[in-house]
Amino acid sequence: MTTEHIQSYLPKNTKAEISGNIAFFPVPTSLIKEVAIELYQAKNLKLKLITATDQRETGEGFKIWYVFSVPKEHIFIVPFIQLKDSQEFPSLTPVIHSAYNHERKIHTFFGLTPNGHPDLRPIILHENWPNNAFPLRKDFNWKTKPAKTHTPYQFQKVEGEGIYEIPVGPIHAGIIEPGHFRFSVAGEEIMLLEARLGFVHKGIEKLLEILPLTDKVRLSEKISGDSSLSHSMAFCQALENLGDIMVPKRALYLRVMYAELERLANHFGDIGAIMIDTGFNFGGSQGARLREIIMQINERLTKSRFLRGINIIGGVTKDISPKEREALLKDLEKITKDFSEVITIAENSMSLLNRLKGTGVILQTLAKDYGASGIAAKATGIAADARVDYPYAAYSDLGFNEIETEPDGDVYGRFRVRIKEVYASIDIIKNVLQKLPKGPINADAHHIALKKNTFAISIVEGWRGQIVYAIFTDSLGNISRVAPCDPSFLNWPLVGEAGPGNVVPDFPLINKSFNLSYSGNDL
Amino acid sequence: MIITIVIWIIQLLFVPLASPLCIGIIRKIKARFQNRQGASVFQPYFDLWKLLHKDEVISKDASWIFEFAPYIVFTSTLVVGMSIPLVAGFINNNAGDMLVIICTLSIGTFFLALAGIDTGSGFGGFGASREMTMAALAEGGFIFSLLTMAVINNTTNLFMISQHGTVVHSQFFLSTMLAFFGFIIVMLAETARFPFDNPATHLELTMIHEAMILEYSGKKLALMEWASANKLLIFFALGSNLFFPVGIAQTPTFWGLGIGIAALAIKILLFCLAIAILESSVAKFRFFRLPDLLLISFIVNVVAIILIF
């Protein structure tokens, strides 16, 4: 990657500091809007993350970082603003909608006010959290137990004759995570749907600043249990980047294999769950069965059904023996045949297709505006996949370049994307098993020295969508801030948008077709 | 004399005692269709026993309706259970009138819906509203399907209808089949089965029947569950004995009674099998397609009546 090439994406006369594939440069607070609009609209970059850091200890005040990415080139252009005296900054939300929740989060957790933001209600932190305690500021001790305040939360209101509200959750009947949904309905039709999340807020961002390094990796696996491997992989990649650690080839291939096993297990589970939510019991139980087969393969290979403890800084901990390799190839053959039979039956069921098609439609423009990624975006025809756009591990070596999409943006679209990705994942794993290079499976990374005063960004395509990690280091080379962003954080508003126009009994199906993480959103 | 006593004992006890078994059998067959082992067919009895020994949690906003509804709902199914032809068609039972049955069942539905609204929870409210939408539309189909049989046999007494053995009246064969088809649709709606409702779901927002009884626990929940099992068996028995009264005892002999019991058991098993197959092979319909289905039932039954003349 030449410096000149990166320069072409920067605004004129900008001197950027370049670290690896990241170019970052300060922008005066008053100009950030123009710079962001230029990058987003004229240069057509993607806004991946907006986050803040508290650097008041070194006299630099707060900094707000706007991470833009160049798909296919794997370059990040990161303008940042510095807030020394003021605690306010101009909001990007009126011009770039996907900044909406990022800025709300900065407001809630750092106490910095985005001027011009339409919605400054707290996000994630709840009624009992005091208004003047900002947990991600450095002077907030992580052990602080704030006083209970009972500030009421204002839900959006729909008024009119015959409109009534249905509160659902946070505790649900099934074994799922907690979240509150407020429906405003006219008869059975949904007028407005507002999700209120944050019930599983665990203070992960704060803990990621405090825990010892190896524990940080373990903690990243717990951000969203079903994406354990993808999260730890994104975290490790960013750290490897910061520590200039060369990961052995074999480890990169193994990471791809494990990641695709994770994708397979979750896609099987979801394909089944979508069918069971329509009441199509046959398909439902087959999905659960196929998922279990993959979970058992995971356990056989790694002793962990959820692939935990696999990723370490510098590689992986579990290798695959030639015998296991043969067994896995055989299993995959069987699974492919098994799965095809189930899908043939499902695709021939009129009653099932009738429930899936046209339900919970998301328009492509909407998905783009919200910065959605993963299945939710692919089902509206957006061809974006981190495995292709920001190739990591061994995906480019394996020649993976096909992104599965569907045009309609409905539940059926999200169902189909999963089915296509299952076949693609199986092919990738077979490919890995054939091309697996020999060698060590991890670099000796006992004494890691991270680059100082800089940061790294890593994107991984988890099964749900793009998992983004930004890790900042201080002048001593210690990690000063970790900003993980699960795809759920950007995709949740889409669930709210998919509701209106549908009837209440279809909502569980719509929600399941996204199957977003509560824990990953709440951190 | 003894035979009459035996028959009346069967009339009184058969529905409440056998209904949990029907549920168990349907669940078992469904489990096998899903490659699962499934619980024992007697599990519903254990569940009822368990619930009957549990304490209840009653919302402080609940009124007397919530307290009494389970008894009314359960009793209505008991009364209907003893007023329909089960194994013998010859006994003289004036309670077995078509309209009496339909209205008694409606009382149960009415109180079920009231109890759903009573606690003021969101789920109970929309469960009740959906149930009333369904019940109002199903009523027409239900009345007309039984009316078809009544017109054919010139009587509204269900025992008399079952005694006549309609299927043999070959000129009414088509009418009978159409009425049966309409009846099946109504049965699925009234007993909260596919494609109207999913009795196995945990998703509150999709529920109809389950949403109304969501606030119940312990003994009252047991009565509600038991009542809905009774209702299912009542519809099975009606379907078997009005449209296909083959085997039902026509004379007071033990031999005839034995055949009657065996015939009823076989017919109910066939119903269980049919329901299980249906619920394993189709998805639930969208809520707004359901009225169309009930309307079909109504129209089919009207056609059936016209065809008689």
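Quick notes on this structure:
- On the stretch given as the stretch A:155-180, residues that are facing another protein chain (nearest Cβ under 9 Å) and of a type outside the set (Val, Ile, Thr) total 6.
- Subset of the stretch A:479-514 that is polar (S, T, N, Q) and more than 14 Å from every other protein chain (Cβ to nearest Cβ) - its residue that is surrounded by the fewest Cβ atoms within 10 Å (Cβ to Cβ): A:Ser480
- Which numbered condition B:Ala31 misses (of (1) in contact (Cβ under 8 Å) with a residue 24 or more places away in the chain; (2) within 14 Å of chain A (Cβ to nearest Cβ)): (1)
So that you can scan it fast, the table gives a plain yes or no per residue for (1) surrounded by 19 or more Cβ atoms within 10 Å (Cβ to Cβ); (2) more than 29 Å from A:Glu324 (Cα to Cα):
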position	(1), (2)
A:Lys420	no, no
A:Lys430	no, no
A:Asp444	no, no
A:Leu450	yes, yes
A:Thr454	no, yes
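- Hey, B:Met134 surrounded by 15 or more Cβ atoms within 10 Å (Cβ to Cβ) and within 14 Å of another protein chain (Cβ to nearest Cβ) or not: yes
- Comparison of B:Ile65, B:Ile143, B:Ile101 shows that the only residue that is at pLDDT 90 or above, assigned to a helix (DSSP H, G or I) and within 30 Å of B:Thr253 (Cα to Cα) is B:Ile101.
- Flag if A:Phe89 is part of a strand (DSSP E or B), within 30 Å of A:Gln55 (Cα to Cα) and assigned by TED's automatic domain parsing to the domain that holds A:Asp54: yes
- For the stretch B:34-62, a residue qualifies if it is within 14 Å of chain A (Cβ to nearest Cβ) and either surrounded by 17 or more Cβ atoms within 10 Å (Cβ to Cβ) or within 22 Å of B:Lys231 (Cβ to Cβ) (or both), and exactly one does: B:Gln34.
- Among residues of the stretch A:47-68, those that are farther than 17 Å from A:Glu103 by Cβ and either of a type in the set (Asp, Glu) or at pLDDT 90 or above (or both), counted: 2
- Qualifying residues in the stretch A:102-118 (those that are touching a Ser or Thr at 6+ places or on another chain (Cβ under 8 Å) and in a loop (DSSP other than H, G, I, E, B)) - the one farthest from A:Glu88 (Cα to Cα): A:Pro118
- Pairs, first assigned to a helix (DSSP H, G or I) in the stretch B:212-224, second of a type in the set (Ser, Thr, Tyr), C-beta under 6 Å, six or more apart: B:Met224/B:Tyr216
- Of all residue pairs spaced 6 or more apart or on separate chains, those with beta-carbon atoms under 7 Å, a first member in the stretch A:305-330 that is without any contact (Cβ under 8 Å) to a residue 24 or more places away in the chain and a second member that is in a helix (DSSP H, G or I) are A:Arg305/A:Met295; A:Arg305/A:Asn298; A:Arg305/A:Glu299.
- Taking the stretch A:134-175 as the range and being among the β-branched types (Val, Ile, Thr) and in contact (Cβ under 8 Å) with a residue 12 or more places away in the chain as the test, the residues that pass are A:Thr149, A:Thr151, A:Val158, A:Ile163, A:Ile166, A:Val168.
- Exactly one residue out of B:Leu264, B:Leu233, B:Leu273, B:Leu238 is in contact (Cβ under 8 Å) with a residue 24 or more places away in the chain, surrounded by fewer than 20 Cβ atoms within 10 Å (Cβ to Cβ), on the phi < 0 side of the Ramachandran plot and among the hydrophobic types (A, V, I, L, M, F, W, C): that is B:Leu273.
- Condition check for B:Ala95: in contact with a helix residue (DSSP H, G or I) (Cβ under 9 Å, 6 or more places away or on another chain), of a type outside the set (S, T, N, Q), assigned to a loop (DSSP other than H, G, I, E, B) and under 30 Å from B:His164 (Cα atoms): yes
- Residue, farthest from A:Val168 (Cα to Cα), within the stretch B:184-204, restricted to residues that are assigned to a helix (DSSP H, G or I) and within 13 Å of chain A (Cβ to nearest Cβ): B:Leu188
The values are calculated or read from the model by the stated rules, or taken from the named source; none is laboratory data. Quick caveat, the model's predicted, so the values are computed rather than measured. Don't worry about glycine lacking a Cβ; one is built from the backbone with ideal geometry, like all the others, and counts go over all protein chains shown.
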